[in-house]
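Let me begin by presenting the structure, written as structure tokens, before commenting on it.
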Amino acid sequence: MFCYQCQETAGCAGCTRAGVCGKTAQVANTQDLLVYVTKGLSAVTTALRAQGEAIPASLNQLITLNLFTTITNANFDQEAILQRIRDTLAAKAPLLAQVQDPSALPAAARWDGSGDWEEKAAQVGVLSTENEDIRSLRELITYGLKGLSAYSKHANALLQADEEIDAFLQRALAATLDDTLTADDLVALTLETGKYGVSGMALLDQANTQAYGNPEITRVQLGVGKNPGILVSGHDLRDLEMLLEQTKDTGVDVYTHSEMLPAHYYPAFKKYPHFVGNYGNAWWKQKEEFESFHGPILMTTNCIVPPKDSYKDRLYTTGAAGFPGCKHIPGAIGEEKDFSALIEHAKRCAPPAELEQGEIVGGFAHAQVLALADQVVEAVKSGAIKKFVVMAGCDGRAKSRSYYTDFAKALPRDTVILTAGCAKYKYNKLDLGDINGIPRVLDAGQCNDSYSLAVIALKLKEVFGLSDINDLPIIYNIAWYEQKAVIVLLALLYLGVKNIHLGPTLPAFLSPNVAKVLVENFGIAGIRTVEEDMALFFGEQ
Ligand code: SF4
Ligand code: SF3
């Protein structure tokens, strides 16, 4: 195996024997094969589109779900991944027969699944591209597309789709197989991926807000009630909605974990009295927190930490998520999923053990912040707010991430943190106070709600009459872990944001030359110590 797609990759270079995430070499290789056949199918659909054929939505969904399945910590289930490869090959065969010139297609498109799959998987992984710069760009694009796929899948679950995004996604996937493309071509495609990243996040924002209303300022309870509960994690709001409906009047409460916390900000979910609050912290704390929760846990997406035996029988997966030995709740897009197994399971469980008390405040997505625009603009004009610091992205296990807690604490009192994603857990429970009633941590929501932060920045640019988004008093200090953060980063680059600091380490998949392009053209930089970064960002004050 060779995998270097996430921030925790072994030695900041690549996992080669097993994943730091817990992925086995066998699963890693099978995921490589799934990516390969998905790229092959995408080359076929791209050729058919060029012939004027329409591609059915079910195929678009198959492709996005395949990529989503290979995102870090989403699916560890070898059999589920093999089944997706079989389904993909079966879907491709009749389409391939319609391509006018199949000889022009890459080998991945023409592979019919014959031969030994383990041998094949070993030949088609990341290292099969020899030139390190081409490999770096192909992987950067592929990881961005994985993130885009995840967001598309959530929009699809709410019956929204955009054929233009799917067509691009497949064209770009196919382009990563094209040996005639130069590094410059792939740099251009990387930026185009960012463009569609913006479209994908906008589509999901529209799907979420049309279904559930605009997020609004909300106090989320951190304590627990006396009923048994179900804990929901991951990013899929439609799954949560179905579960909330099915748990009504059952005596079972529902709590959020990690990236599901922002669900509390949506008006539509406030009508459920049994939707109690948020339990615990970011994904990587789940071993302790799932243990003490006592009830069943539903993982709707990444990030799964391989479970301890003590609670493995309480861990359920759905959608792209999977773990061998854990029950998977099926259900295609548009279908009602049946969560009765979790509900019955919960009834046999003790209520959750309390981890903490109190509440946290969030719900500062674009509509809410724009509703407060006068107050915010006034605070900036009066000097009460000197700078905004975008600290969106992912949390992770690395000890070096304590930097983000220390950085938040060290920020001058006249700065406001704009956050989204599970990165927030590094500082959302600190008492950082407010500025004239505006909290110093404004949480827009999940990682995809980084889109809201971009909308807010563009609005501020307009209000202040600036011609360049980089003239705003905004610092970008983003934490990344998995591939959704990659599409968020590419989206920000596409929007023209410069001088983004990315940590806790720069991606291992950036070759020195590709990193140089990002540094020279976009001012991308890493992080240093809190003291050094404070001096860099605020030294002039
Ligand atoms: Fe390693 Fe990350 Fe890949 Fe897991 S996802 S195998 S930790 S690089
Ligand atoms: Fe977190 Fe996995 Fe990335 Fe949606 S839950 S941000 S790491």
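Taking the options 344, 335, 354, name whichever one is within 24 Å of residue 245 (Cβ to Cβ), part of a loop (DSSP other than H, G, I, E, B) and open to solvent by 50 Å² or more (accessible area, probe 1.4 Å). First the steps, then the outcome.
Details: 344 fails: part of a loop (DSSP other than H, G, I, E, B); 354 fails: within 24 Å of residue 245 (Cβ to Cβ).
Exactly one of 344, 335, 354 is within 24 Å of residue 245 (Cβ to Cβ), part of a loop (DSSP other than H, G, I, E, B) and open to solvent by 50 Å² or more (accessible area, probe 1.4 Å), namely 335.
The residues of segment 296-330 that are open to solvent by 20 Å² or more (accessible area, probe 1.4 Å) and touching a residue at least 60 places away in the same chain (Cβ under 8 Å), listed by number, are 306, 319, 323, 324, 328.
Put simply, of 421, 445 the only residue that is surrounded by 15 or more Cβ atoms within 10 Å (Cβ to Cβ) and either touching a Cys at 6+ places or on another chain (Cβ under 6 Å) or not assigned by TED's automatic domain parsing to the domain that holds residue 493 (or both) is 421.
Residue pairs whose Cβ atoms lie under 8 Å apart, separated by 6 or more positions or on different chains, with the first residue in segment 179-194 and more than 12 Å from residue 494 (Cβ to Cβ) and the second among the charged types (D, E, K, R) and modelled with pLDDT of 95 or more, are 183/133; 186/138.
Yes or no, residue by residue, for (1) more than 30 Å from residue 349 (Cα to Cα); (2) in contact with a Pro (Cβ under 6 Å, 6 or more places away or on another chain); (3) open to solvent by 20 Å² or more (accessible area, probe 1.4 Å); (4) within 15 Å of ligand 2 (Cβ to nearest atom):
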| position | (1), (2), (3), (4) |
| --- | --- |
| 192 | yes, no, yes, no |
| 195 | yes, no, yes, no |
| 211 | yes, no, yes, no |
| 214 | yes, no, yes, no |
| 218 | no, no, no, no |
| 226 | no, yes, yes, no |
| 229 | no, yes, no, no |
| 235 | no, no, no, yes |
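Applying the criterion of being out of contact with any strand residue (DSSP E or B) (no Cβ under 7 Å at 6 or more places or on another chain) and among the basic types (Lys, Arg) to the residues of segment 434-484, the residue that is farthest from residue 234 (Cα to Cα) is 461.
Rundown of residues vs (1) touching a strand residue (DSSP E or B) at 6+ places or on another chain (Cβ under 8 Å); (2) small (Gly, Ala, Ser), yes/no style:
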site	(1), (2)
148	no, no
170	no, no
180	no, no
196	no, no
199	no, yes
218	yes, no
227	yes, no
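Among the conditions (1) of a type in the set (Asp, Glu); (2) open to solvent by 70 Å² or more (accessible area, probe 1.4 Å); (3) touching a residue at least 24 places away in the same chain (Cβ under 8 Å), residue 139 misses just one, which is (2).
So which of 516, 484, 498 is out of contact with any Pro (no Cβ under 9 Å at 6 or more places or on another chain), within 16 Å of ligand 2 (Cβ to nearest atom), of a type outside the set (Ser, Thr, Tyr) and within 22 Å of residue 186 (Cβ to Cβ)? Give the steps one after another, and end with the answer.
Working: 516 fails: within 16 Å of ligand 2 (Cβ to nearest atom); 498 fails: within 16 Å of ligand 2 (Cβ to nearest atom).
Matching residue, one of 516, 484, 498: 484.
Pairs only if they're at least six apart or on different chains, beta carbon under 9 angstrom, first in segment 54-77 and closer than 18 Å to residue 160 by Cβ and open to solvent by 10 Å² or more (accessible area, probe 1.4 Å), second within 16 Å of ligand 1 (Cβ to nearest atom) and among the hydroxyl-bearing types (Ser, Thr, Tyr); list them, first residue then second. Final answer for the pair search is 65/149. Please verify whether segment 11-21 includes one or more residues that are assigned to a helix (DSSP H, G or I), within 23 Å of residue 282 (Cβ to Cβ), touching a residue at least 24 places away in the same chain (Cβ under 8 Å) and not aromatic (Phe, Trp, Tyr). Yes, the conditions are met somewhere in segment 11-21.
Tell me, please, whether a residue that is in contact with an Asp or Glu (Cβ under 6 Å, 6 or more places away or on another chain), within 16 Å of ligand 1 (Cβ to nearest atom), open to solvent by 10 Å² or more (accessible area, probe 1.4 Å) and closer than 29 Å to residue 158 by Cα can be found in segment 2-18. Checking segment 2-18: at least one residue is in contact with an Asp or Glu (Cβ under 6 Å, 6 or more places away or on another chain), within 16 Å of ligand 1 (Cβ to nearest atom), open to solvent by 10 Å² or more (accessible area, probe 1.4 Å) and closer than 29 Å to residue 158 by Cα.
Of all residues in segment 237-271, those satisfying the criterion of being hydroxyl-bearing (Ser, Thr, Tyr) and either buried (at least 24 other Cβ atoms within 10 Å of the Cβ) or more than 16 Å from residue 343 (Cα to Cα) (or both) are 255, 258, 265, 266.
The values are calculated or read from the model by the stated rules, or taken from the named source; none is laboratory data. These numbers come from a predicted model, not from an experiment. When we count neighbours, we look across all protein chains shown, and the Cβ atoms used for this are built from the backbone with ideal geometry, even at glycine. Please note that ligands, DNA and RNA were not included when accessible areas were found on the heavy atoms of the full protein model with its side chains. Shrake-Rupley method; radii C 1.70, N 1.55, O 1.52, S 1.80 Å.
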